[in-house]
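Take a look at the structure below.
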Amino acid sequence: MKKFGRIAICGAISTYNRTGPLPPGPNPETIIRQELHTQGFAVYRWQGDVRQKALKDLLKWVSEGKIQDKEYIIEGFENMPAAFMGMLKGDNLGKTIVKV
């Protein structure tokens with residue numbers, strides 16, 4: 001993270017059904033040294049004109065390659081339950097896709 005970087009947090013699906021400790025997070029020393037700011041948000045706050053502007057900006061950034069997505073692809077319908085459980089545990093990076 002860059003100094004004064006921001007981390008957006010929305011939801012915590014990987015922790016809902018945990019049976020052990022929370023997954024490790026950022027090193028507290030790094031958070032202090034980099035003076036990071038974490039702020040939660042709820043999606044319903046961003047509606048109307050704000051949403052329309054955001055969609056326009058996001059589409060532009062994606063088409064310019066400034067935003068790139070990651071996909072975690074698993075082959076086979078029979079692997080769907082494992083893919084879903086892995087998604088809940090945080091095993092994936094990006095969007096989970098099961099190809100059948």
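The values are calculated or read from the model by the stated rules, or taken from the named source; none is laboratory data. As the structure is a prediction and not an experimental result, all values here were calculated from the model. Ideal geometry is used to build each Cβ from the backbone, glycine not excepted, and the neighbour counts take in all protein chains shown. Heavy atoms of the whole protein, side chains included, go into the accessibility calculation; ligands, DNA and RNA do not. Shrake-Rupley method; radii C 1.70, N 1.55, O 1.52, S 1.80 Å.
Taking first residues from the range 79-100 that are under 17 Å from D69 (Cβ atoms) and partners that are of a type in the set (A, V, I, L, M) and open to solvent by 70 Å² or more (accessible area, probe 1.4 Å), the Cβ contacts under 7 Å between residues at least 6 apart in sequence or on separate chains come to I97/I73; V98/M80; K99/I73. Counting only residues that are within 20 Å of M1 (Cα to Cα), open to solvent by 90 Å² or more (accessible area, probe 1.4 Å) and in a helix (DSSP H, G or I), the range 29-61 holds 3 of them. Here the range 72-100 is the region considered, the condition is being within 18 Å of R18 (Cβ to Cβ) and among the small types (G, A, S), and the residue that is surrounded by the most Cβ atoms within 10 Å (Cβ to Cβ) is G86. Say whether the condition of being assigned to a helix (DSSP H, G or I), of a type in the set (D, E, K, R) and at pLDDT below 95 is met by at least one residue in the range 71-89. Yes, that holds for at least one residue.
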